[in-house]
1. Kindly provide the helix-only [θ] at 222 nm of the chain, computed as the sum of -39,500 (n - 2.57) over DSSP H runs of four or more divided by all residues, to the nearest 500 deg cm²/dmol?
2. Skipping prolines and chain starts, which residues have an amide H placed within reach, meaning under 5 Å, of the one on Glu121, given they are 5 or more residues away or on another chain?
3. Can you give me the pair-distance distribution of segment 2-189, C-alpha pairs, 10 Å bins, whole percents?
4. If amide H atoms are built 1.01 Å from N in the plane of the peptide, which residues on other chains or at least 5 residues away come under 5 Å of the amide H of Phe30?
5. Using a Cα-Cα cut-off of under 16 Å, which aspartates and glutamates could be cross-linked to Lys170, ignoring same-chain neighbours fewer than 8 residues away?
6. Of the listed peptides 92-101, 10-19, 121-130, 32-41, what is their order by residue-averaged count of other C-beta atoms within 10 Å, with the highest listed first?
Amino acid sequence: MKNQIIELLRSTERPGIENLCEYMIYESDFFTAPCSTQYHLCKEGGLAEHSLNVYMYMRNAAAGIGYYDPLTDSSDSIIITSLLHDIGKATYRGKPNYVPNMIQDKKNKGQLIQSEAKPFESNKDRLYIPHEIVSLQIISKYIELTEEEEFAILYHNGMYAPSGRDINGKERPLQLLLHFADMWCSRFVEVE
């Protein structure tokens, strides 16, 4: 998975992409972080798995509706937005977004164990900045995004985000494709 994600990102040949890939490999927990606290892919490596799933569904949906032709069009924006839309859920400023949710095991004299119902919790040491914004901050340190790419990442949660009402009537093709693929994967592909 890691190699596939890095190869796809490098294929864009976007200036600075190599530095972003190095950040993801050596300074971030992108490839080991969970994707959520208790819902879809709340396991080690869940974030990377989710990102790759979103890429595959977004690419296929885009080709299926004629948004892009895989034989003639570049898919750089699809690669970048799908694989990096949730990078803000990885370590930021040296702090992981999700940490193990440790609870007392009543069967074993209060010994701490990781919760099965909610294996992870949001890191209380990390200030709450929406992951969409953190994603844009991280990406922008390394590569330049187009306005469409910024918009797609910022609003990839659509009406489900605190700023969701702001997008009503202002949706864009790339943003809607990312939103659809993200929702489809989290609601139907990645459930156990």
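1. After summing the helix terms and dividing by residue count, I get -11500 deg cm²/dmol.
2. Val99, Asn101
3. Result, from short to long distances: 9, 36, 36, 14, 4, 1, 0 percent.
4. Thr91
5. Glu147, Glu148, Glu149, Glu150
6. Highest to lowest by the protection proxy: 32-41, 92-101, 10-19, 121-130.
Every number in this text was worked out from the coordinates using simple rules, so none of it is lab data. No experiment lies behind these values; they were computed from the predicted model shown. Here the Cβ is made from the backbone with ideal geometry for all residues, glycine too, and neighbour counts use every protein chain on show.
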